[in-house]
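Here is the structure we will look at.
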Amino acid sequence: MRSLERLVLCGVYADSRRIFDRYFLALSLLPNLKSLNILTNQGFKGDHLKELNLEELSTDIGMTTPQWIAFLKSNPKLRSLQFRVCRIIPEKPADLVPYCTSLEELYIWFKSKCDSYDYGAFAQLPNLKHLHIIGKYQQTDSTVQLFRSLVARDPQLLESLSIKRGMLTFDETQEIVHIKSLKELNCSFSDIECVDLLTQLTELEELSILLKSDTDISNAALRILKSCTKLKLFRIYAENIRRDFIFEAYNILKEIREPSKQPPLSLEVPYGKFALMKPEEERRIDPAYIRIDPKHAA
């Protein structure tokens, strides 16, 4: 047990404070424990966490802002923090920023009650490289401010950005495409014009986009392939994409890629018609340039 590095606490229910005191006393004696995932809030008190020395925390427990600050102060090596549910986000998230200087990865929910400053402050995290935003928000001020602050960072450090349960607006996308350090992007749109802007992110290596629109995404996706020559993975979720898209993408890749220097592009398109290619169609594509994931394409 003393060599244990990662632990998941799941389904632990206790009404007695004494029981949880014993749990965390035992955890505090594990010298190599670096990662903790807590999937219960029954009987848990926030001050238990300050006894640990973690590098990763994923939790659905609610704590007061002073309890969060006490935990962060006692865990200065924390690199990854995941708020699993919206209700546990502090009223003023910006209050936590001064105590997260080692944080490289953050999973954060957006709350409509917080103002734009509260989220824009996360751009001040000196080592933030991976940002995951969760939650459907009604106003875009908070996200625009956050993305604008990330753009202003010198040097830009953010490498991956994931936004779930919310559609990006044109204004938000305009800010994102100025984060030139991005290598991974996962987001959703309702407007094809937003997709067109992504051609500016020329350092991308992985791109996952969902378009909630009847508009054909094919031309916009082809323009991305031409501009983002470092792509290794391209996932497209769209209601409308033409049958010849794969062959058009293949022709572009033959022009811009050198198989001896780059692995084949992994292209994932969720349409069964691409999984049922005829043998003569398959022979038209050199797998040195492009690979279609049959699990995702089916």
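The values are calculated or read from the model by the stated rules, or taken from the named source; none is laboratory data. Note that the coordinates shown come from a computational prediction; the quantities given were computed from them, not determined experimentally. Glycine gets a Cβ as well: all are built from the backbone with ideal geometry, and neighbour counts include every protein chain shown.
Data for the structure
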quantity	calculated
L157 being in a loop (DSSP other than H, G, I, E, B), of a type outside the set (S, T, N, Q) and either surrounded by 17 or more Cβ atoms within 10 Å (Cβ to Cβ) or out of contact with any Cys (no Cβ under 8 Å at 6 or more places or on another chain) (or both)	yes
Boolean, L157 is touching a Pro at 6+ places or on another chain (Cβ under 9 Å) and under 24 Å from L231 (Cβ atoms)	yes
Yes/no for T202 being closer than 23 Å to L182 by Cα and of a type in the set (S, T, Y)	yes
Count of the range 160-180 residues which are crowded, with 17+ Cβ neighbours inside 10 Å and small (G, A, S)	2
Looking only at the range 118-150, and only at residues there that are crowded, with 17+ Cβ neighbours inside 10 Å and of a type in the set (S, T, N, Q), the one that is modelled with the lowest pLDDT	T140
Breaking point among (1) out of contact with any Cys (no Cβ under 8 Å at 6 or more places or on another chain); (2) not in a helix (DSSP H, G or I), for I163	(1)
